[in-house]
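K.L.:
What follows is a structure written as structure tokens; I'll ask about it next.
The values are calculated or read from the model by the stated rules, or taken from the named source; none is laboratory data. If you're wondering where the values come from, they're calculated on a predicted model, not measured in any experiment. Using ideal geometry, Cβ is built from the backbone for each residue, glycine included, and neighbour counts are taken over all protein chains shown.
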Amino acid sequence: MYPPALTEIIELFEFLPEPERRENLINYADAAAACVRKEGDTFDLEDVRKDEECTDTVGVYLRVDELGRAQFAIELGPKVQTLTKAMAAILCRGLSGSTPEEIMAVPADFVPRIIGADLVRLRSQTVYYILTRMKSAVKTWLDQRPAA
């Protein structure tokens, strides 16, 4: 149902007490810097914009390799909230290496299992934003690819 890397992250967070969950989310937010594009990287799709539901510009970069596996890079503006940064790092790690079709099939029901029900209620738009943007990039790529 979920890509193996995302399953590992879900299982890490799922049963953590709230203080440890939040600490791990902050650690992932700090790790978001590792998700940026590297100099010289090329991508099949680049989607950079500031949406109403986000505090700053977010860039989603998608490359699908010759084996049909997706790789993402995410660039976040300086005003992007900690929780959005954490979700960006979690999703870059959890979805990279999956096929576009696998990514499109990932249900959003895992999000509360990672961040907890309280944060989902408080930040409902924020917690799903990056997943929505990544799926949108994959859908655009799927729609634009040449027919086999």
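K.L.:
Can you go through LEU62, LEU67 and tell me which one is under 25 Å from GLN144 (Cβ atoms), surrounded by fewer than 11 Cβ atoms within 10 Å (Cβ to Cβ) and either modelled with pLDDT of 95 or more or out of contact with any Ser or Thr (no Cβ under 6 Å at 6 or more places or on another chain) (or both)?
P.N.:
Values: LEU62 fails: surrounded by fewer than 11 Cβ atoms within 10 Å (Cβ to Cβ).
Residue meeting the stated conditions: LEU67.
K.L.:
In addition: Which is more than 16 Å from LEU6 (Cα to Cα) and not hydrophobic (A, V, I, L, M, F, W, C), of THR132, THR57, THR99? Walk me through how you get there before you give the answer.
P.N.:
Working: THR132 fails: more than 16 Å from LEU6 (Cα to Cα); THR99 fails: more than 16 Å from LEU6 (Cα to Cα).
Of THR132, THR57, THR99, the one residue that is more than 16 Å from LEU6 (Cα to Cα) and not hydrophobic (A, V, I, L, M, F, W, C) is THR57.
K.L.:
Tally the residues that are under 27 Å from ARG145 (Cα atoms), out of contact with any helix residue (DSSP H, G or I) (no Cβ under 6 Å at 6 or more places or on another chain) and small (Gly, Ala, Ser), restricting the search to the stretch 74-102.
P.N.:
Count: 3.
K.L.:
Let me ask another. Hey, can you tell me all the residues within the stretch 103-115 that are in a helix (DSSP H, G or I) and either among the β-branched types (Val, Ile, Thr) or within 14 Å of ALA137 (Cβ to Cβ) (or both)? Before the answer, list the steps.
P.N.:
Our first condition is that a residue be in a helix (DSSP H, G or I); within the stretch 103-115, this holds for 103-105, 108-115.
Selection gives ILE103, MET104, VAL111, ILE114, ILE115.
K.L.:
Then there's this: Give the number of residues within the stretch 1-52 that are farther than 20 Å from TRP141 by Cβ, in contact with a Lys or Arg (Cβ under 8 Å, 6 or more places away or on another chain) and assigned to a loop (DSSP other than H, G, I, E, B).
P.N.:
0
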